[in-house]
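Peer 1: Below is the structure I would like to discuss, written out as structure tokens.
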Amino acid sequence: EDAEKGGYPHYMLKEIMEQPRVLYETYTGLMSSRELEKAAEILASADHIFVTGAGTSYHAGLVFAYFMARIARRPVITFISSEYLAYRSLDHSNSALVAISQSGETIDTLQAVRSFKSSGGRVVAVSNVVGSTIPRESDTTVYTRAGPEIGVAATKTFLTQVLALTSIALALAVHTGSLTKAEYTEAMRELRNASHAASSGIDRSIRLVELLASSLRSKNNIYVLGRGLGVPLAYEAALKIKEVSYIHAEAYPAGESKHGPIALVEEEFPVIFVGVPPEDELLEKLQSNVMEMKARGASTIVIGTSSYRELEGVDFYIDVGNYSEILAPYAVVPPFQLLAYKLAVMLNRDPDKPRNLAKTVTVE
Ligand code: AGP
């Protein structure tokens, strides 16, 4: 087992560190197959597009919906796969479902696929396991090439899903004319740097995360707040922190924080802000949220792109470098994964096998 961990003390850390390589492999795999074109054809012919998944895969689905609106200019209906019954009475003959599951075996996501197909819909699966049930029952599959993920907490499969899903949004955009061929080529060339962005996110945060974890290890609650693309990344960050460290972490859209969550904030309450592009639209708004929290005595932390250095009232800052909107997730997410990992280790939890959790949930 030690050999399989490649010299790392845990699979989770090994899998976080593998991200630059598997992002590159996913990218080259997508570029040398016809998977994106097939997915784009199905989505282009649908009147309505849905996306579903559970846990981390659902969060990747939220990133997909964001880029579908921004890049492909198509609205997407998002739902957590265990809630598929809400849509069971719809006629799906002109709809497409993007079903995300790294294992390809999650029962709730499989039920959503079956329910959707039985009412005439077409399904695009996004999975990491060739030949698993969800890809077998779908019309086409876009594969991530993350290699086996052993740690129960999804890490490398999340960012490779984000890469595959962003590529699907771009492929649809060029298919339907929202992007010109030249713009598409340029965007795909940019996405090639996902791997470098992940390296930078890891390198720039690895030391600081240690300090941050020391100051957060004694906390009972943490808020993670973001805006725009930062919202699904905040959800994923909070899930990672809670599942491996058992510290209660809750994510909210930052703008929603004053509609309730702020009631809990008192002296030293940690609030982590996720800072992503477009900074010209989001920075000022996030500044107000930082000040609202600061005024209640919160410890304010930012993990974000370099532009967020301008924020006032921040106690601790991890600058991941400056990245465009489509590259930011790869730089911003690894610091959160490392933070969750460090907290688990400091608190003597086993990050690879968190209590009560199974890697793949096959019962409803
Ligand atoms: C992620 O860290 C979790 N362990 C969990 O939420 C997971 O993402 C979820 O069970 C979905 O799994 P899947 O991608 O294999 O369908």
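Computed from the coordinates by the stated procedures, all read-outs in this text should not be read as laboratory data. Just so it is clear, the structure is predicted and the values come from calculations on it, not from any experiment. All Cβ positions, glycine included, derive from the backbone under ideal geometry; neighbour counts span all protein chains shown.
Peer 1: Report the extension gain between Arg309 and Ser32 in nm, rounded to one decimal, defined as 0.36 nm multiplied by the number of residues separating them, less their alpha carbon distance.
Peer 2: Fully extending the segment from Arg309 to Ser32 adds 95.8 nm.
Peer 1: Show me the trypsin sites (Lys or Arg not before Pro) within the range 38-73 that DSSP assigns to loop and that have at most 15 other Cβ atoms within 10 Å of their Cβ.
Peer 2: Sites meeting the loop and neighbour criteria: Arg73.
Peer 1: Going by average Cβ neighbours within 10 Å, how do the peptides 349-357, 94-102 rank, with the highest at the top?
Peer 2: 94-102, 349-357
Peer 1: Where the centroid of each part is defined by its Cα atoms, how far is the range 131-176 from the range 334-361 in Å?
Peer 2: When both Cα centres are located, 23 Å separates them.
Peer 1: Across the range 179-184, in residue order, what do the Karplus-derived ³J(HN,Hα) couplings come to in whole Hz, using 6.51 cos²θ - 1.76 cosθ + 1.60 with θ = phi - 60° and x for Gly and Pro?
Peer 2: Per residue, the Karplus-derived 3J(HN,Hα) values read 10, 6, 4, 5, 5, 5 Hz.
Peer 1: Next question. Which entries in Lys219/Lys258; Lys219/Lys353; Lys181/Lys240; Lys5/Lys242; Lys14/Lys294 show an alpha-carbon gap greater than 32 Å?
Peer 2: Lys181/Lys240; Lys14/Lys294
Peer 1: To the nearest 10 degrees, how steeply does helix 55-67 sit against the main Cα axis of the chain, on a 0 to 90 scale?
Peer 2: 80 degrees
Peer 1: Just Leu229, Leu208, Leu62 to compare: in a GNM of the chain, with alpha carbon springs under 10 Å, which one fluctuates most?
Peer 2: Leu208
Peer 1: While we're on this one: Which value in deg cm²/dmol, rounded to the nearest 500, describes the helix-derived mean residue ellipticity at 222 nm for the chain, given -39,500 (n - 2.57) per DSSP H run of n ≥ 4 and division by the residue count?
Peer 2: Here the helix-only value at 222 nm equals -15000 deg cm²/dmol.
Peer 1: If you don't mind, there's one more thing I want to ask. Assuming R0 = 41 Å, what is the FRET efficiency of Ile150 and Thr185, from their Cβ-Cβ distance, to the nearest 0.05?
Peer 2: 0.65
Peer 1: Using only Cα atoms, tell me the angle between helix 279-295 and the longest principal axis of the chain; keep it within 0 to 90° and round to the nearest 10.
Peer 2: 40 degrees
Peer 1: Could I ask something else about it? Spin-label point model (7 Å from Cα, Cβ direction): what's the Met346 to Leu90 distance in nm?
Peer 2: Result for the modelled spin labels: 4.3 nm.
Peer 1: Using a cut-off of 14 Å between beta-carbons, work out the net charge of the residues near Val363 (Lys and Arg +1, Asp and Glu -1, Val363 not included).
Peer 2: Around Val363, the charge tally is -2.
Peer 1: In terms of modelled amide H atoms, which long-range or inter-chain residues lie less than 5 Å from the amide H of Phe50?
Peer 2: Ile77, Ala96, Leu97, Val98
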